[in-house]
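Student: Next up is a structure, given as structure tokens.
The values are calculated or read from the model by the stated rules, or taken from the named source; none is laboratory data. The structure displayed is predicted, hence computed values, not measured ones. For neighbour counting, all protein chains shown are included, and Cβ atoms are generated from backbone atoms with ideal geometry for every residue, glycine included. Please note that ligands, DNA and RNA were not included when accessible areas were found on the heavy atoms of the full protein model with its side chains. Shrake-Rupley method; radii C 1.70, N 1.55, O 1.52, S 1.80 Å.
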Amino acid sequence: MKLLVLGGTQFLGRHVVEAALAQGHELTLFNRGRHNVDLFPGVTKLRGDRDHDVGALRGHDFDAVIDTSGYRPEHLQTVATALAGRVGHYVFVSSISVYRAFPPGQHYDETAALQTGVEGYGALKARAEEAITAAMPGRVAIVRPGLIVGPHDPTGRFTYWPLRVARGGRVLAPGRPQRPVQWIDARDLAAWCVHLAGQRVSGVFNAVASGATMGQLLASCAAVAGQAAQFNWVPDQRLVDAGVSPWTELPLWIAQDDAAFGGMLLADNGRALRAGLVIRPLEDTIGATLAWARQCPDEPDAGAKRVATLTAEREAQLLA
């Protein structure tokens, strides 16, 4: 394919480029040139900004676009206008945040109600989906990942668990061991986006790995790290009463009875699996994440995106 990647130098985007290059596709990147500019020296790079200037896109033809960085509907409309009649297929990486609510205990699929309006990340992503679908009807794959994890993650969310368990000792384990958890390895998501583009698959897909529990995640972290950590399971309500921030201080933890988000980690991924999504073993994700985090503890440009996970002092207080 002649493939255009919007972004392509941070986290998911760089994995998309690596996956596409490994398959021999001809790549062009369009971005602002602010991050990791020395990556992929042999790839054509067009400079621009979807907020101000997409002129560099005009006059080029592409078999497909993979958009890892679109956020607002104007981003999608601007690109679609610049490439009108010159692109065959569009893969847009959206988010499960587009869904209106995640009631406790309720599984959901791609037909669940979406957020309305234009306020906040999820609502804007939903409007962006609508914009590109209207611009290229029948030629768009909308990909809705949950928490994206793996090497080069600038947020430090999933990375917290392999690193924390590898330190050993008493580990605060949130909620209950049987609580379902979901994520998606950036490398699996990237390879699948390239597949969707190559096969010109259209539709809407939840992109998550499912079937694991919090207990299995932590046990796998211990096995990969070769560390005999002691897991101390703290009930949801105790963590809520202590003011622990869900999803950030303790990644992948949200109180299961939370009225707004208790069911967020219960997405149905059947449609994505039928469309070719392949999920690697959990141990592979943990091992690669741990190896990368130890080698590159401070990813360039990650500071603004890194979340404040639980400190050792705070963990000790909660376990006291």
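Student: Taking the conditions exactly as written (of a type outside the set (S, T, N, Q), at positive phi and under 17 Å from the mean Cα position of the chain (by Cα)), does Leu252 satisfy them or not?
Tutor: Numbers: of a type outside the set (S, T, N, Q): yes; at positive phi: yes; under 17 Å from the mean Cα position of the chain (by Cα): yes.
Criteria met by Leu252.
Student: Can you name every one of the helices (runs of 4 or more DSSP H) wholly within the stretch 200-317 that holds 3 or more residues which are among the charged types (D, E, K, R)?
Tutor: Details: elements: 214-225, 236-241, 270-274, 282-295.
By residue number, 236-241, 282-295.
Student: Answer with yes or no whether Leu318 is surrounded by 11 or more Cβ atoms within 10 Å (Cβ to Cβ), at pLDDT 95 or above and either touching a His at 6+ places or on another chain (Cβ under 7 Å) or farther than 24 Å from Val208 by Cα (or both).
Tutor: Numbers: surrounded by 11 or more Cβ atoms within 10 Å (Cβ to Cβ): yes; at pLDDT 95 or above: yes; either touching a His at 6+ places or on another chain (Cβ under 7 Å) or farther than 24 Å from Val208 by Cα (or both): yes.
So Leu318 fits the description; yes.
Student: Could you please find all residues in the stretch 1-19 being in a loop (DSSP other than H, G, I, E, B) and under 21 Å from the mean Cα position of the chain (by Cα)? Let's see the steps before the verdict.
Tutor: Let us first name the residues in the stretch 1-19 that are in a loop (DSSP other than H, G, I, E, B), namely 1, 7-10.
Gly7, Gly8, Thr9, Gln10, listed by residue number.
Student: Separate question: May I ask you to verify whether Arg139 is of a type outside the set (S, T, N, Q) and either under 19 Å from His89 (Cβ atoms) or buried (at least 23 other Cβ atoms within 10 Å of the Cβ) (or both)? It would help to see each step written out before you state the result.
Tutor: Numbers: of a type outside the set (S, T, N, Q): yes; either under 19 Å from His89 (Cβ atoms) or buried (at least 23 other Cβ atoms within 10 Å of the Cβ) (or both): yes.
In short, yes.
Student: Here's another thing I want to ask about it. Restricting to the stretch 293-314, count the residues that are farther than 10 Å from Pro162 by Cβ, over 17 Å from the mean Cα position of the chain (by Cα) and modelled with pLDDT of 85 or more.
Tutor: Adding up the residues that qualify gives 8.
Student: Go through (1) open to solvent by 20 Å² or more (accessible area, probe 1.4 Å); (2) part of a strand (DSSP E or B); (3) touching a Leu at 6+ places or on another chain (Cβ under 8 Å) for Leu172 and report which single condition fails.
Tutor: So Leu172 meets the others, but not (1).
Student: Does His195 fit the bill of being touching an Asp or Glu at 6+ places or on another chain (Cβ under 7 Å) and under 24 Å from Gln23 (Cα atoms)? Show your work before the answer.
Tutor: On the way: touching an Asp or Glu at 6+ places or on another chain (Cβ under 7 Å): no; under 24 Å from Gln23 (Cα atoms): yes.
No: the conditions fail for His195.
Student: How many residues are without any contact (Cβ under 8 Å) to a residue 60 or more places away in the chain and in contact with a His (Cβ under 9 Å, 6 or more places away or on another chain) when one looks only at the stretch 125-151?
Tutor: Number satisfying all stated conditions: 3.
Student: Can you list the strands (runs of 3 or more DSSP E) lying wholly within the stretch 20-132 that have 1 or more residues being among the hydroxyl-bearing types (Ser, Thr, Tyr) and open to solvent by 70 Å² or more (accessible area, probe 1.4 Å)?
Tutor: Working: elements: 26-31, 44-47, 62-67, 87-93.
Ranges flagged: 44-47.
Student: Looking at the stretch 143-156, can you tell me whether even one residue there is of a type in the set (Gly, Ala, Ser) and modelled with pLDDT of 95 or more? Steps first, answer last, please.
Tutor: Looking only at the stretch 143-156, we keep the residues that are of a type in the set (Gly, Ala, Ser), and these are 146, 150, 156.
Okay, now just the ones that are also modelled with pLDDT of 95 or more, so 146, 150.
Yes, because at least one residue in the stretch 143-156 is of a type in the set (Gly, Ala, Ser) and modelled with pLDDT of 95 or more.
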